[in-house]
Amino acid sequence: MNGLPTLEQALGDLGARVSSLREARATYPGDLGPTLDAALAELDTAAELLGTALAELRKVSRRSSAREGGSQREHKLMRQIFRTFPVPVIIMDSGGVVRRINAETSRLLGSPAGYLVGRPFPLLVDVSRRAAFRSHLSAVQRTGQPAAFQTRLAHQGRAHTVQLVLTRLAMPGEPLDMVVAVALPTEVQLPERPAGRVEMSDAALLLASARRQELLARMGRLLLDSESLRRPVALARATRLLATETADWVLADVIRDAPLVRAAVHGPQNEPVTGLVRQIERLDPAATPIVNRVMEQGSGVVQEMVEDETALGDLPDGTPVLRAIGAGSLLCVPIPKGLGVQGALTLVRQSGREPFTLADLGVMEEIGAHLGLELEAQRAFQTRSEAADALQASVVPAHLPDIPGFEAAAIYHSGSGPGSVGAEFYDAFPIKDGWGFALGGACGKGEEAASVSALVRNGLRVLSVWESDPGEVIRKVNQALLMQGSGMFVMALAGFVRARDRGRRIMLASAGHHPAALLQPDGNVRFATGGGVPLGIDDEAEMSTEELTLTPGDTLVFYSDGLVALRDERGEAYGEDRLTDVLTRCVGQPPATVVKTIEEDRNAFSQGRYYDEIVIMALRVR
């Protein structure tokens, strides 16, 4: 072992020269040529020294048992030399799995000591050079001849262009040969990190945590937006936010009806939406191993280093998706539904970025849970909205029919915003020898009130086929409503126009409704009688009836309580006096203009706010 002191001295000198080269690179960044040449020469020296060290190791393994104690000391010495070797050294098995790394390798790659042991080394190699690396690895194992080539290593958000030298290594006690890789960086993308275990400072940890919480808060605000309930945009918006803030690629797969489908794919901003994005969109998520695993187990998975390039399936040409997108780390979480799973959310960061961690997994699992609740709420909202639309159609006609001798127009607001169900109704329908019209509403809100209004509206339609007096129709509807026992009362108004009267004579009946306003061609406005007892209170209640004789140009305006009872910010009611003033400005105007003018004045009066349903209908004698 006379050569060991010499070897130790040579290693010390090599370490000093490598430090000098680092200083030269930092001091003269514009003149890297000579520094690089010298670095490559030192790489040859390092390989030579490593060969000498390996030879010494083989000698030690052949020592007799009498010198076993000395052999153990030499083994320890050689292990210490390996750990302190000033050049990155990686020992891997025949499959490219890392078995040993020295401290300089950990420092170079920015990983904790021992973190890479047991992980595939090819995952650190640039995607475009992985195939070449595997070929070199196989050739070195087969021929025993060293191989050298330049490639890029990426890990923990750092990227290095290195000269990589591979040499076959027969290690004592190992049944198969190993391969040792020596790497000398020729270009570093990010500043170097301190040697030893890389720990984030308290400030960096706090900042990273704050960013995750900010992402969670932004996602919550996005999913709580009412637009996400009304339209199926939640998944698209959520994946777009994640692709912008925390990942390079985001995929969302959900169960719709029966099969699992790919609902959204977002790539980097510089990735064309055609080409690779479209190919990934068209892939069957059911053939994706990691998505299937998450769907079956109901728990998330994080891979700080991608362990299997086929985890997201293959493109049509056979290229693994993760290889095509340059994946470095991967995260996949379930989108729950009750006690089950309705989908999976997959995030990928490319090899040049900081990898996903367990902390990221926790945040994404929470976001996946929020998405699951959002999708369930969206389905419930859509179901309820469809039911509300159907119920609304039962109280409001799709359009007013043509009534001989009249022009007609109407406007309706449900009062509580989009998707709400109003309890007011209006209608125009054929009767025996003429036409009928009706207006009214139950005193209440929501589905129950709307269903009572629908009952009254349809009752007026049906009974008007047999009855010639609108007062009698309203009386019978009142009796039917009382028999239902809903507990609600309804204000209603009905009118009949006989064809033989050519629109000159109108019979009106009111059950607690506001009186109709009559706008005459000279600008005069007068009101009908109206009044009476609302429906659903007393089966013997009196209904208010009257007959109006009209002339060409007269306009009858019917309106709900939601118009005249509307209050402004000072608490003053809109009232019939203001309605009269508006109508005097509508002399000679068609019904469509009349209802629009009233609507614009109402909007100005309330500054766009209204809470009760509003119905306005106008009939003008031709």
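Output the residue which, of all residues in region 457-471 that are open to solvent by less than 50 Å² (accessible area, probe 1.4 Å) and part of a helix (DSSP H, G or I), is nearest to E542 (Cα to Cα). Looking at residues that are open to solvent by less than 50 Å² (accessible area, probe 1.4 Å) and part of a helix (DSSP H, G or I), I get G471. On the stretch given as region 293-343, residues that are part of a strand (DSSP E or B), over 30 Å from L109 (Cα atoms) and out of contact with any helix residue (DSSP H, G or I) (no Cβ under 9 Å at 6 or more places or on another chain) total 1.
Within region 297-308, being of a type in the set (D, E, K, R) and touching a residue at least 40 places away in the same chain (Cβ under 8 Å) holds for E304, E307.
From the set of residues in region 395-430 that are among the hydrophobic types (A, V, I, L, M, F, W, C), touching a Phe, Trp or Tyr at 6+ places or on another chain (Cβ under 7 Å) and at pLDDT below 90, which is farthest from Q589 (Cα to Cα)? Step by step, filter region 395-430, then rank; the result is V395.
Counting only strands (runs of 3 or more DSSP E) that sit wholly inside region 516-604, those with at least 1 residues that are under 26 Å from P470 (Cα atoms), at pLDDT 90 or above and open to solvent by 10 Å² or more (accessible area, probe 1.4 Å) are 525-527, 544-549.
Considered as a group, the residues in region 344-358 that are within 10 Å of V302 (Cα to Cα) and not in a strand (DSSP E or B) include one that is modelled with the highest pLDDT, and that residue is F356. The conditions of being of a type in the set (A, V, I, L, M, F, W, C), buried (at least 18 other Cβ atoms within 10 Å of the Cβ), touching a residue at least 24 places away in the same chain (Cβ under 8 Å) and over 19 Å from V265 (Cα atoms) are met by V341.
Once region 290-321 is narrowed to residues that are more than 26 Å from G96 (Cα to Cα) and within 21 Å of the chain's Cα centre (by Cα), the residue that is surrounded by the fewest Cβ atoms within 10 Å (Cβ to Cβ) is G298.
Please go through region 237-257 and give me each residue that is part of a loop (DSSP other than H, G, I, E, B) and open to solvent by 80 Å² or more (accessible area, probe 1.4 Å), ordered by number. Selection gives R256, D257. Taken together, P259, P268, P232 contain a single residue that is touching a Phe, Trp or Tyr at 6+ places or on another chain (Cβ under 8 Å) and modelled with pLDDT under 90, which is P268. Restricting R129, R134 to residues that are open to solvent by 50 Å² or more (accessible area, probe 1.4 Å), in a helix (DSSP H, G or I), out of contact with any helix residue (DSSP H, G or I) (no Cβ under 8 Å at 6 or more places or on another chain) and at negative phi narrows the list to R129.
Would you be able to say whether some residue in region 259-267 is surrounded by fewer than 15 Cβ atoms within 10 Å (Cβ to Cβ) and free of Cβ contacts under 8 Å to residues at least 24 places away in the same chain? No - not one qualifying residue is present in region 259-267. The set of residues in region 88-113 that are assigned to a loop (DSSP other than H, G, I, E, B) and open to solvent by less than 40 Å² (accessible area, probe 1.4 Å) comprises P88, D93, G96, N102, G110, S111, P112.
Residue-wise test of (1) open to solvent by 10 Å² or more (accessible area, probe 1.4 Å); (2) in a loop (DSSP other than H, G, I, E, B).
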position	(1), (2)
F437	no, no
G444	yes, yes
L455	yes, no
L482	yes, no
G495	no, no
I506	no, no
S510	no, no
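Among the residues making up region 87-114, those that are free of Cβ contacts under 8 Å to residues at least 24 places away in the same chain and in contact with a strand residue (DSSP E or B) (Cβ under 6 Å, 6 or more places away or on another chain) are V98, R100, I101, N102.
For region 270-289, the set of residues classified as assigned to a loop (DSSP other than H, G, I, E, B) and either open to solvent by 30 Å² or more (accessible area, probe 1.4 Å) or hydrophobic (A, V, I, L, M, F, W, C) (or both) consists of N270, E271, P272, V273, T274, G275, L283, D284, listed by residue number.
The values are calculated or read from the model by the stated rules, or taken from the named source; none is laboratory data. No experiment lies behind these values; they were computed from the predicted model shown. Backbone-built Cβ (ideal geometry, glycine too); neighbour counts: all protein chains shown. SASA here: full protein model, heavy atoms, side chains in, ligands and nucleic acids out. Shrake-Rupley method; radii C 1.70, N 1.55, O 1.52, S 1.80 Å.
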